[in-house]
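**Student:** Quick one: the structure is below, and I'll ask about it shortly.
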Amino acid sequence: MSSLLIKTQEPTIACVNGPAQIAALEAVTGPQSVVAEMVSEYRARRDAAMDILAEAGIPPALPSGAFYLWIDVSGTGVTSADFCRRLLLDGKVAVTPGSAFGESGEGFVRVSLANEAGLLTEGVGRLAASVAAWSSWDR
C-alpha cells in the first residue's frame, strides 16, 4: 500500500490538477468585469471595517493588495492566540492569530474580508467591543 501512496503523492501534492488548470485559464482569459466588481466590493468591506476599528481606537494596517486586515491587539496584554481563543468563545468570531505568521506577528490578528459585508462588520464590531472590554475578562 505504501508504494501506491508514494505514486500518488507527486501528482496530488506537487502538481496542479487538470480541472484547476482549466479554471485558471478561464479566470485569466474569460470576462474580467467580475474582477473590478470584487475589487470594489472588497474595498467597501475594508473601509467599513476600518471605520469601525478607527471609531474604537484600534489601529489596523491599511492593506494595499490583500483581502485581509492586520489588527494590533497587543494592548490587551495577552498573546494573539489567547485573544483569538477568547474572541471565538465569547464573541463567536473567528480570526487568525498573528503568531501563526511568525514571531513578528505576535500581538496582531488577521481578519479576512472574504465574507458577506453585514457579517464582516458585525464580527469586526464584536472584535472592537472585545478589545474594549478585555480588562473585564478573566485572564
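The values are calculated or read from the model by the stated rules, or taken from the named source; none is laboratory data. For clarity, every value in this text was computed on a predicted model and none was experimentally measured. Heads up, the Cβs are rebuilt from the backbone with ideal geometry, glycines too, and the neighbour counts pull from every protein chain shown.
**Student:** Working only within region 103-117, note down all residues that are out of contact with any Phe, Trp or Tyr (no Cβ under 7 Å at 6 or more places or on another chain), small (Gly, Ala, Ser) and within 14 Å of Arg43 (Cα to Cα).
**Tutor:** Result: Ala117, single match.
**Student:** With Leu127, Leu120, Leu69 as the choices, which residue is outside any helix (DSSP H, G or I), crowded, with 20+ Cβ neighbours inside 10 Å and out of contact with any Phe, Trp or Tyr (no Cβ under 8 Å at 6 or more places or on another chain)?
**Tutor:** So the residue among Leu127, Leu120, Leu69 that is outside any helix (DSSP H, G or I), crowded, with 20+ Cβ neighbours inside 10 Å and out of contact with any Phe, Trp or Tyr (no Cβ under 8 Å at 6 or more places or on another chain) is Leu69.
**Student:** For region 45-64: of the residues being more than 13 Å from the chain's Cα centre (by Cα) and assigned to a loop (DSSP other than H, G, I, E, B), which is nearest to Thr76 (Cα to Cα)?
**Tutor:** The qualifying residue nearest to Thr76 (Cα to Cα) is Ile58.
**Student:** Any residue in region 78-101 that is surrounded by fewer than 19 Cβ atoms within 10 Å (Cβ to Cβ), in contact with a Phe, Trp or Tyr (Cβ under 8 Å, 6 or more places away or on another chain) and in contact (Cβ under 8 Å) with a residue 60 or more places away in the chain?
**Tutor:** yes
**Student:** Another question, then. Val93 is checked against (1) farther than 17 Å from Arg126 by Cα; (2) modelled with pLDDT of 95 or more; (3) out of contact with any strand residue (DSSP E or B) (no Cβ under 7 Å at 6 or more places or on another chain) and fails just one. What number does that condition carry?
**Tutor:** Val93 satisfies all of (1) farther than 17 Å from Arg126 by Cα; (2) modelled with pLDDT of 95 or more; (3) out of contact with any strand residue (DSSP E or B) (no Cβ under 7 Å at 6 or more places or on another chain) except (1).
**Student:** Tell me, please, whether a residue that is over 24 Å from Thr121 (Cα atoms), out of contact with any helix residue (DSSP H, G or I) (no Cβ under 8 Å at 6 or more places or on another chain) and either surrounded by 12 or more Cβ atoms within 10 Å (Cβ to Cβ) or of a type in the set (Val, Ile, Thr) (or both) can be found in region 29-45.
**Tutor:** Yes: region 29-45 contains one or more residues that are over 24 Å from Thr121 (Cα atoms), out of contact with any helix residue (DSSP H, G or I) (no Cβ under 8 Å at 6 or more places or on another chain) and either surrounded by 12 or more Cβ atoms within 10 Å (Cβ to Cβ) or of a type in the set (Val, Ile, Thr) (or both).
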